[in-house]
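Below you'll find the structure, written out as structure tokens, and then a few comments.
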Amino acid sequence: MPYELNKKIRELEPYEPISGTYKIRLDANECPENYPDFIKEEIKNVIDTIDFNRYPDPLAEKVVTAFADYYGINPKYVTAGNGSDELIFLIEAAFMEKGDRMLCVAPDFSMYKFYSSICEVECDTFIKSDDLSIDTDALIEKVNRDNIKLLLFSNPCNPTGQGMTAEDARRLVTSVNALVILDEAYMDFWDQSLINEVEKYSNLIIFRTASKAVGSAALRLGFAVANETISRAVKAVKSPYNVNTFSQVVGSIIYKNKDYLKNRQKTIVRNREKLYNDLLELSALSDDFKVYNSCANFVFVKTSFGKDLWNYLKDNSIVIRFMGDYIRISVGTEEENEELISCIKTYLSR
């Protein structure tokens, strides 16, 4: 008899991002600029020091220390991962037992629920308010009422750009018995993080990534920050050599360039505000073009003609993210944003 795939993966399709070469890429929430020559030179200088015949440091101590120093936290609270995706999958698989239920919110990052299906963990959904905000009191009630063991959501949210304040996040964490994971992949663009408070809570994990403000999407570096007990458990269940040596070495260089990273981060926020205001101005040209304010590195827009606009921009070598009733536009360079706005204005004025 031929081997057959099980039902949970039988119909899955591999993830295929948009292919091709485009002048402006604003679809993946990446940092719009590569590193300057002085950082690239630092990276080149360390490549010869890598022992390619040896396994990587299993605890990734150098990059963990550089990361912890950048955020002003104790490195013993930090675990490095092969991107945040590895950490999401790992914690859903290891911290949940058969019969446990987890909870996500919607709309939010789709991979949370996808990984739960692979781990065979029942995942419920909390629907956000009409303005895309989270009703914290209602969320607390649902977690406690439905005996949820794990609550996971992004803050600020991908794809909406909305955020839960630190005050509400603290109230949430201290009001539920569940493990709470706040994915702060975009918190570098906001100021409401709980990353400096993790040791206070027995049930909190913070995720951070090097793929957004840090500008190292190519390295696949993610970090879980939690109290000592949880951190020890995460280190115990992860693969021994989960972060390759190249990413560890380069990542430690990147995080040590604090002034450069902070200045570029401010530039992205400034360009985001300009992009938001320009899109808001364009919304006067159409009643079907609602622009949401953002505390991330993208702007979210609700419109029924998103697919047509997506195609129009693509024909002009500009790529954004089409999401059904919404489009998501990553912040580019100042010049890229200007060209995008000009192209959208032409489209809306037809």
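Quick notes
- Qualifying residue in segment 11-32 (condition: within 22 Å of residue 296 (Cα to Cα), surrounded by fewer than 13 Cβ atoms within 10 Å (Cβ to Cβ), within 24 Å of the chain's Cα centre (by Cα) and among the polar types (S, T, N, Q)): no
- Number of positions in segment 306-319 that are open to solvent by less than 60 Å² (accessible area, probe 1.4 Å), over 13 Å from residue 23 (Cβ atoms) and touching a helix residue (DSSP H, G or I) at 6+ places or on another chain (Cβ under 9 Å): 2
- All conditions but one from (1) in contact with a Cys (Cβ under 9 Å, 6 or more places away or on another chain); (2) of a type in the set (Val, Ile, Thr); (3) surrounded by 16 or more Cβ atoms within 10 Å (Cβ to Cβ) apply to residue 125; the one that does not is (3).
- Scanning segment 92-101 for residues that are touching a strand residue (DSSP E or B) at 6+ places or on another chain (Cβ under 7 Å) and either assigned to a strand (DSSP E or B) or free of Cβ contacts under 8 Å to residues at least 24 places away in the same chain (or both) returns a single hit, 101.
- Among the residues of segment 80-118, those that are open to solvent by 20 Å² or more (accessible area, probe 1.4 Å) and of a type in the set (Phe, Trp, Tyr) comprise 89, 95, 109, 114, 115.
- Figure legend. Inter-residue proximity from segment 47-60: first residues at pLDDT 95 or above, second residues part of a loop (DSSP other than H, G, I, E, B) and of a type in the set (Val, Ile, Thr), beta-carbon distance below 7 Å, spacing 6+ or different chains. Indicated pairs: 56/243; 60/243.
- Residue list for segment 153-168, restricted to those being at negative phi, of a type outside the set (A, V, I, L, M, F, W, C) and either open to solvent by less than 10 Å² (accessible area, probe 1.4 Å) or under 11 Å from the mean Cα position of the chain (by Cα) (or both): 154, 155, 156, 158, 159, 160
- Criterion applied to 77, 70, 3 was being crowded, with 16+ Cβ neighbours inside 10 Å, farther than 23 Å from residue 296 by Cα and hydroxyl-bearing (Ser, Thr, Tyr), and the one residue passing it is 77.
- Condition check for residue 250: among the β-branched types (Val, Ile, Thr) and either part of a strand (DSSP E or B) or open to solvent by 20 Å² or more (accessible area, probe 1.4 Å) (or both): no
- Being among the aliphatic types (A, V, I, L, M), out of contact with any Lys or Arg (no Cβ under 6 Å at 6 or more places or on another chain) and crowded, with 19+ Cβ neighbours inside 10 Å holds for only one residue in 138, 210, 217, and it is 210.
- Flag if residue 240 is outside any strand (DSSP E or B), touching a Phe, Trp or Tyr at 6+ places or on another chain (Cβ under 7 Å), touching a residue at least 40 places away in the same chain (Cβ under 8 Å) and of a type outside the set (D, E, K, R): no
- Some residue of segment 271-287 being open to solvent by 30 Å² or more (accessible area, probe 1.4 Å), outside any helix (DSSP H, G or I) and modelled with pLDDT of 95 or more: yes
The values are calculated or read from the model by the stated rules, or taken from the named source; none is laboratory data. All values reported here derive from a predicted model rather than from experimental measurement. Methodologically, a virtual Cβ is constructed for each residue, glycine included, from the backbone with ideal geometry; neighbour enumeration extends over all protein chains shown. Side chains are part of the model used for accessible areas, which takes the heavy atoms of the whole protein and leaves out ligands, DNA and RNA. Shrake-Rupley method; radii C 1.70, N 1.55, O 1.52, S 1.80 Å.
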